[in-house]
1. Which order do peptides 12-23, 40-51 fall in by mean Cβ count within 10 Å, highest first?
2. Could you provide, to the nearest whole Å², the per residue accessible area of the chain with probe 1.4 Å?
3. Using a 1.4 Å probe over the heavy atoms of the protein chains, calculate the carbon and sulfur portion of the accessible area of the chain as a whole percent.
4. Place a +1 charge on the Cβ of each Lys and Arg in the chain and a -1 charge on the Cβ of each Asp and Glu, then give the dipole magnitude about the Cα centre in debye, rounded to the nearest 20.
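The values are calculated or read from the model by the stated rules, or taken from the named source; none is laboratory data. The model shown is predicted, which means the values in this text are computed figures rather than measured ones. Cβ sites come from the backbone with ideal geometry, for glycine too, and all protein chains shown count toward neighbours. Side chains included, ligands, DNA and RNA excluded: accessible areas come from the protein's heavy atoms. Shrake-Rupley method; radii C 1.70, N 1.55, O 1.52, S 1.80 Å.
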Amino acid sequence: GQGLPGVSVSLKGTTTGTTTNSEGIYSLSVPDESKGGTLVFSFIGYIVEEVAINGRTTVNLSLAPDIESL
């Protein structure tokens, strides 16, 4: 339930991205034409998650460990 620092967050199909801070918080500016796009969350040892933005201004999730890659 705690934030994970260093998670890569990117807008799928673009070069727009960022990483989470020491508390697992991120901020990413998404162009209006991408408000229906998808955010991709990735971190070593965790399953990559893709989440549709659907016009939201806040997108939070929990990453699951990738047991097979460990």
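1. Values: 12-23: 12.4, 40-51: 14.5.
Ranking, from highest mean packing down: 40-51, 12-23.
2. Heavy-atom SASA per residue in the chain reads 69 Å².
3. Values: 2350 of 4850 Å².
So the carbon and sulfur contribution to the accessible surface is 48 percent.
4. On the way: 3 positive and 7 negative charges, 34 e Å.
About 160 debye.
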